[in-house]
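Computed from the coordinates by the stated procedures, all read-outs in this text should not be read as laboratory data. Note that the structure is a prediction, hence the values are computed from the model and not measured. Cβ placement follows ideal geometry from the backbone for every residue including glycine, while neighbour counts extend to all protein chains displayed.
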Amino acid sequence: MDRLHTRGEFGLRKPTRSWRGVVAGDEQVRAQMMRSRQALELTTAESWQLLASVSLGRIVFTQHAMPAIRPVNHLVDDQAIIVRSHLGAAIVAHAAADDGVVVCYEADELDPVRRTGWSVIATGMARLVRDPDAITRYQQLLEPWVVGQMDYVIAIRPQIITGIRLVGWCR
């Protein structure tokens, strides 16, 4: 144990008085972590790179004239976001239309303790993948997190992709 700390209850370090006064130590770190963060805009390339670095996101679509959000796992392939779904899922019926359906897809990696991280939002058309070879390939590459038969593959081709990074404590 150093001169500036003693062991408190449960063996936790706690600041002691030094010749300079009270050592804030953990309190200073905690105060720094709790400050608001600066939001930096990501480039399109950074947004795609971060989106491809995670496997879980949220798809936002319209159901009964109201917004609906579903968590889904995904992969990124050739600037398309690929998800799998099942018959009966609301998004499948919409994506099956010849024109597809407008959706938003959001993925993030946020640290609620440090208040840092990033978020990417992609907006574009979702359509069912109909090519049997592509369906087979995506079924092999993307295993759903949800138990059940996921026979449908949906490709989201964003026209807009944006993102932010929250920075401030540790860049």
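Round to the nearest 0.05 the FRET efficiency obtained for I160 and V113 when R0 = 35 Å and r is the Cβ-Cβ distance.
E(calc), rounded to 0.05, equals 0.70.
Restricting attention to the range 112-147, which chymotrypsin sites (Phe, Trp or Tyr not before Pro) occupy a DSSP loop and are surrounded by at most 12 other Cβ atoms within 10 Å? Present the calculation step by step, with values, prior to reporting the outcome.
Values: sites: W118, Y138, W145; in loops: W145.
Of the chymotrypsin sites (Phe, Trp or Tyr not before Pro), the ones in loops of the range 112-147 whose Cβ has at most 12 other Cβ atoms within 10 Å are W145.
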